[in-house]
Amino acid sequence: MSGRYARVRRPRRALVSTDLPWPALFLGEQLSHALNHGLPAHRRSGPLAAAVGRRGLPAPAVASLVARLPHRPAPATDAVLDAVREAWPTLVAAAGGAGGGGGDGGDGEPRPGRLAGDAPARLAALEVDRSGRRFVFVFTDDPHPLLVLKSPDATADGAVEAEALTRAAALGLAPRCLGRIAGLEAQEGLAGRPLWVRPPGRPGWSGAYADAYASLGSGLERLASATAVPGGPDRLLADAQPALPLVRSPRTRLLVEAALRDVRRLTHRSLQHHDLSAQNWLVRDDALVGLVDWDTAMLDGVPGHDALHAAVSLLEHGVGLRSRSPERVLSTFTRAWHEEPLLAQARRAHRACLVAATGSEALADRLAEPLQLAFFARRLGWVAVGDGHAALDVDTAERMLDHVARG
């Protein structure tokens with residue numbers, strides 16, 4: 001098999017197959033979502049990047065520009081497509097004809113997978129270099145990639161990611177792992193797009209996420225129920241300890257210490273995605289299709305903390321679409337924590353996950369607020385030791401924790 005590829009060097013290096021229209025269109029969408037999710041106001045060209053991040057790039061225009069670039073062979077990418085063809089029966093068997101390829105439709109039952117029958121007559125690829133890793137998206141007669149192949153992540157525990165994907169895919173919440181092809185890890189492609197982030201605006205702005213978040217909350221509740229195992233929150237407590245010396249208010253420090261004592265009563269752990277920002281949350285018509293990028297998953301996670309992370313991340317990334325500053329993040333958060341629909345949904349989903357994992361309404365009622373406080377203490381702890389995301393500084397994380405502690 002021999003194809004022709006356009007070579008894109010900026011803003012992201014890519015090889016774009018011109019044999020089908022989908023790779024170029026998908027690249028345009030990827031670049032658009034990268035700006036939307038990437039805290040654009042925090043960049044050097046902040047105002048312009050934020051404006052584009054709010055509106056998005058026109059994917060057809062990007063595809064048109066790509067079509068005008070010089071086209072050349074790419075033997076290494078062709079070799080991957082040839083390997084896909086050769087491995088097709090194995091891929092279909094691994095996919096089992098059902099599972100992560102289609103999401104769950106909100107009822108917990110996996111939909112039929114997208115890999116079936118004989119190898120498609122035509123395959124096309126988009127190869128992207130992202131954070132030093134090689135990604136190859138394989139397309140056929142569908143705008144959504146049929147397969148996603150990626151080089152192993154040297155910084156992540158591959159065994160943990162594989163186990164997390166296996167458990168979540170069984171619930172229709174993640175792509176299925178399909179083994180290795182040409183030295184790359186293969187997963188089914190999901191027929192959805194990342195959730196679009198909106199900038200905070202008038203009171204009630206977060207209500208626009210209501211349907212998408214309800215679908216996510218239902219999925220996380222099922223995940224908590226299906227993956228719960230007996231065990232205490234040892235990892236949470238260890239992660240939160242570095243936060244205590246940074247809490248300036250004596251009253252808040254006492255409340256955090258009391259909360260951490262209370263959460264020792266948590267009886268169960270469950271699978272936690274641990275990086276549930278919008279780019280890893282795929283939807284179609286506001287229904288959850290699946291969650292991707294489980295590289296940093298925790299098998300011994302805290303039930304419901306993904307629900308809190310998803311909502312707070314939407315708020316923080318939304319601020320980054322207008323004027324990114326610690327003051328704006330804090331002021332938006334302090335108004336939203338008790339007033340915005342999204343944060344109220346997050347607290348309800350958090351509690352529902354606790355009930356699902358522990359089987360106890362009484363325990364969930366007793367631990368919901370302490371665990372919420374522990375969530376923000378853990379974030380501060382991560383920032384303090386350099387593991388938090390770069391856009392959140394220690395002072396902002398500490399003040400957010402203080403606000404939650406004050407109720």
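Calculation over all alpha carbon pairs of segment 218-295 in 10 angstrom steps from 0 returns a P(r) of 15, 33, 30, 20, 2 percent.
Summarising the overall dimensions of segment 7-61 from its C-alpha atoms, the Rg and Dmax are 12.1, 37 angstrom. Fully extending the segment from Asp118 to Val385, taken as 0.36 nm per residue of separation minus the present Cα-Cα distance, adds 91.0 nm.
Taken as Cα centroids, segment 6-66 and segment 308-373 sit 30 Å apart, rounded to the nearest whole angstrom. Peptides 133-144, 65-76, 181-192, 371-382 ranked from most to least packed, by the mean per-residue count of other Cβ atoms within 10 Å: 371-382, 181-192, 133-144, 65-76. Beyond 19 Å, what share of the Cα-Cα pairs of segment 135-208 is found? Please give it as a whole percent. Considering segment 135-208, 50 percent of its Cα-Cα pairs are separated by more than 19 Å.
When a/c reaches 1.5 or more, the comparison of a/b and b/c decides; with that in mind, is segment 40-93 rounded, prolate or oblate per its Cα gyration tensor? Cα axes put segment 40-93 in the prolate bin.
Rg over Rh for segment 264-344 works out to 1.02, using Cα positions for both radii and the Kirkwood form for Rh. Which of rounded, prolate, oblate describes segment 185-236, given a ≥ b ≥ c as roots of the alpha-carbon gyration tensor eigenvalues and a/c under 1.5 marking rounded, otherwise prolate only if a/b is larger than b/c? Since a/c reaches 1.5 but b/c is at least a/b, the shape of segment 185-236 is classed as oblate.
Can you tell me how segment 277-407 classifies by the Cα gyration tensor, rounded, prolate or oblate, using a/c under 1.5 as the rounded cut? Since a/c stays below 1.5, the shape of segment 277-407 is classed as rounded. Considering only Arg253, Arg12, Arg328, the Gaussian network model of the chain with Cα springs below 10 Å gives its largest mean-square fluctuation to Arg12. Compared with the rule-of-thumb size 2.2 N^0.38 Å for a compact globular protein, the chain has a Cα radius of gyration ratio of 1.01. In degrees between 0 and 90, to the nearest 10, how far off the longest principal axis of the chain does helix 361-384 point, with axes built from Cα atoms? It works out to around 70 degrees.
Each reported figure results from applying straightforward, stated rules to the coordinates on display, with no laboratory input. Bear in mind that the values here come from a model prediction, so they are computed numbers and not experimental data. Please note: Cβ atoms are built from the backbone with ideal geometry, for glycine as well, and neighbour counts cover all protein chains shown.
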